[in-house]
Amino acid sequence: MQQILNFILKNSHKLLFLLLLIIALSLTIQAHSYHKSKVISSANFLAGGVYEQMNAVSEYFSLKERNQELAIENARLKSLLFNSADTAALKLPDTIKGVKKVNVILSKVIHNSFNVPENYLTLNSGSKQGVKSDMGVINDLGIVGIVEKVSPNYATVQSILNIKSKINAKFKKSDHFGTLIWNGKNTGYAQLIDVPRLAQIKKGDTIVTGADSKIFPENIGIGTIYKIYIDDQTNYYTLDVKLFNDMTSLGHVYIIKTKDREEILQIEQETAQPNEQ
Amino acid sequence: MNSNVLFNTARFILLLAAQILIFNNIQFWGYLNPYPYVLFILLYPVNGNKNSLLAASFLLGLLIDMFTNSGGVHAAASVTLAYVRPAFFRFAFGVSYEYQTIKINDRLTPERFSFILVSVTTHHLILFVLETFRFSFFWNILLRTVFSTLFTIVLCIIIIHLFKPSKR
C-alpha cells in the first residue's frame, strides 16, 4: 500500500497528464464518431450567452444585406400570393383536414463556423421555442443544416458543410435522387453522390431536397450542378453542386418542424422488423 | 507567489476571451485562424507547479472546445504541450535551464524564438490532426499547420511586445 501511494505521488505529473489526455482524446473520438453524442457543445448557457452578445454587436455590420435579403424574400412571397390563380379553389398540397404538416420556427444564427471539416452553427432558439434535435434548418435561399443538440435557449446545427452530413436530394425536373455530402474542401460547393447513370442531367440543373428525407419538406432549394464526374467503375455519377446559400454569411433562418416524422419513422421501423409467426 | 497566481489567472481569462471574441473570427483566406491562447502555456512560470499547469491547460483547451464545438481537440493539444514544455525548454535554453531565470516575455532572442516555434508547431500539428481526424486530408493538415503556426507566432510576438511588463 505504501509503495502504491509512493508510486502515485512520485509520478503524479505523468499520471495526471495521461488522465487528462485520455479524457480529451475520448471526447475528440466521440465527437468524430457518433451522431449526437457531443458531450460538450456551444448549446449551453455560457457559450450561447457569449455568442448572443457578440452577435448583438456584429449584426449591425450586416443590417443592410439582411434587409435586402428580407425584401427580396418578401417580393417573392408577394408575387406568389398575387399570382395564385383562384384562392377560393386553392388546395394546399400538404394540408389534410386543416392540419398543417409543417411548422416553422424563426431563429437566428449567432455563431457560424466553416473553416474545419466538421462545422456546426449555433442558433439562438432552443427547447423553450419548441426546437428538437433532427429538425431541418433552412433560410430563404435553401437548406442550411440539421439541428443536432438543444438546450433551453440555444441549439447547435450540423451544417451542410460537415463531412458527416448526409442529406437526401433529387433533381427538380426528374425525380432521380442521390445523397448530398460535403468533401471538406470548398465552402461554396457540396457533392451529390449515388446518382444513377440513367438520369438525364446537364450543367446548371437545379437540385432540391428529396421526398425521402424525413427532416426537410420536399422541393427546398439546394443548388445547381456545377461539374459532372463520371466514374467508369460504377453506374453512378458524382456531381459538384454550387450551393444557393453563401454558408459563410448566414443571418435569419427557419427551423422546420415536420409533424409526420415520428409516424414515418415508426412505421418504417415496424416494416423492417421480421414478421413473427 | 500570490501575485503570480493572480497574474496567471488574469492571463488565462484574457487570452480565453481574446481567442473566442477576436481570434476565432479572423478566418484569414476563409479558413486560417491563429491560436495565441497557447501563450498561457508558454508564459507560465518555469518553476511553477507543473500539475496545476496541466490542469489549467486542460481547462483552457476544454473551454475553447466548448465554444468551437470541437469535442476535446484543443484540450488534448494544450495538455500535450504543457507536458512536453520542460523538454522544449531544455531544447531551446540548454540542459541547465532550471537554474537560469528564463523569461519568455522579454526581448526576442534566438533561444526564445526557437522555443516559441517548436511549441506552437507541436501544438498546432496535434490540433489539426485531431480536428481533421482523417488521413485523406494529409496535405490539408500540413498546409494549415504551417500557415496557422506562422500566423500564431507573429501574433504571439506582437502580444508579448505589447504587454511587456514594465521595467521596474
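The values are calculated or read from the model by the stated rules, or taken from the named source; none is laboratory data. As the structure is a prediction and not an experimental result, all values here were calculated from the model. As a convention, Cβ positions derive from the backbone with ideal geometry for all residues, glycine included, and neighbour counts pool all protein chains shown. Heavy atoms of the whole protein, side chains included, go into the accessibility calculation; ligands, DNA and RNA do not. Shrake-Rupley method; radii C 1.70, N 1.55, O 1.52, S 1.80 Å.
If you take the residues in segment A:138-163 that are of a type in the set (D, E, K, R) and open to solvent by less than 50 Å² (accessible area, probe 1.4 Å), which one is farthest from residue A:200 (Cα to Cα)?
Among those that are of a type in the set (D, E, K, R) and open to solvent by less than 50 Å² (accessible area, probe 1.4 Å), it is A:148.
Here is a list: B:54, B:16, B:59, B:63. Which entry is at pLDDT 90 or above, at the interface with chain A (Cβ under 9 Å from one of its Cβ atoms), part of a helix (DSSP H, G or I) and open to solvent by 10 Å² or more (accessible area, probe 1.4 Å)?
Being at pLDDT 90 or above, at the interface with chain A (Cβ under 9 Å from one of its Cβ atoms), part of a helix (DSSP H, G or I) and open to solvent by 10 Å² or more (accessible area, probe 1.4 Å) holds for just one of B:54, B:16, B:59, B:63, which is B:63.
Report yes if residue B:159 is of a type in the set (A, V, I, L, M), at pLDDT 85 or above and either touching a helix residue (DSSP H, G or I) at 6+ places or on another chain (Cβ under 7 Å) or surrounded by fewer than 20 Cβ atoms within 10 Å (Cβ to Cβ) (or both), otherwise no.
So residue B:159 passes the test.
Return the total of residues in segment B:41-51 being at the interface with another protein chain (Cβ under 8 Å from one of its Cβ atoms) and in contact (Cβ under 8 Å) with a residue 40 or more places away in the chain.
0
As an exercise: evaluate residue A:84 against (1) at pLDDT below 80; (2) under 23 Å from residue A:157 (Cα atoms); (3) of a type in the set (S, T, N, Q) and give the number of the one condition it does not meet.
Status for residue A:84: all satisfied but (2).
Listed residues B:44, B:35; which is under 15 Å from residue B:80 (Cβ atoms) and at pLDDT below 90?
B:44
Are there any pairs, at least 6 apart or on different chains, whose C-beta atoms fall under 7 Å, with the first in segment A:128-146 and farther than 21 Å from residue A:67 by Cβ and the second acidic (Asp, Glu), and if so, which?
Close Cβ pairs (under 7 Å, with a partner that is acidic (Asp, Glu)) amount to A:133/A:148; A:146/A:134.
In segment A:119-132, what residues are within 14 Å of chain B (Cβ to nearest Cβ) and either at pLDDT below 85 or within 19 Å of residue A:53 (Cα to Cα) (or both)?
Passing the criteria: A:120, A:121, A:122, A:123.
Is it true that residue B:9 is surrounded by fewer than 13 Cβ atoms within 10 Å (Cβ to Cβ) and either within 26 Å of residue A:156 (Cβ to Cβ) or among the polar types (S, T, N, Q) (or both)?
yes
Please count how many residues of segment A:234-266 are under 22 Å from residue A:107 (Cβ atoms) and either in a strand (DSSP E or B) or not charged (D, E, K, R) (or both).
Residues flagged as under 22 Å from residue A:107 (Cβ atoms) and either in a strand (DSSP E or B) or not charged (D, E, K, R) (or both) within segment A:234-266 amount to 15.
Taking the residues in segment A:183-217 that are of a type in the set (A, V, I, L, M, F, W, C) and open to solvent by 10 Å² or more (accessible area, probe 1.4 Å) as candidates, determine which candidate is modelled with the lowest pLDDT.
Selected residue: A:211.
Considering only segment B:29-40, I want to know if a residue exists there that is loosely packed, with under 14 Cβ neighbours inside 10 Å and either more than 14 Å from chain A (Cβ to nearest Cβ) or over 20 Å from residue B:123 (Cβ atoms) (or both).
So far as segment B:29-40 goes, yes, one or more of its residues are loosely packed, with under 14 Cβ neighbours inside 10 Å and either more than 14 Å from chain A (Cβ to nearest Cβ) or over 20 Å from residue B:123 (Cβ atoms) (or both).
With B:131, B:111 as the choices, which residue is under 25 Å from residue A:19 (Cβ atoms), charged (D, E, K, R) and either more than 12 Å from every other protein chain (Cβ to nearest Cβ) or open to solvent by 10 Å² or more (accessible area, probe 1.4 Å) (or both)?
B:131
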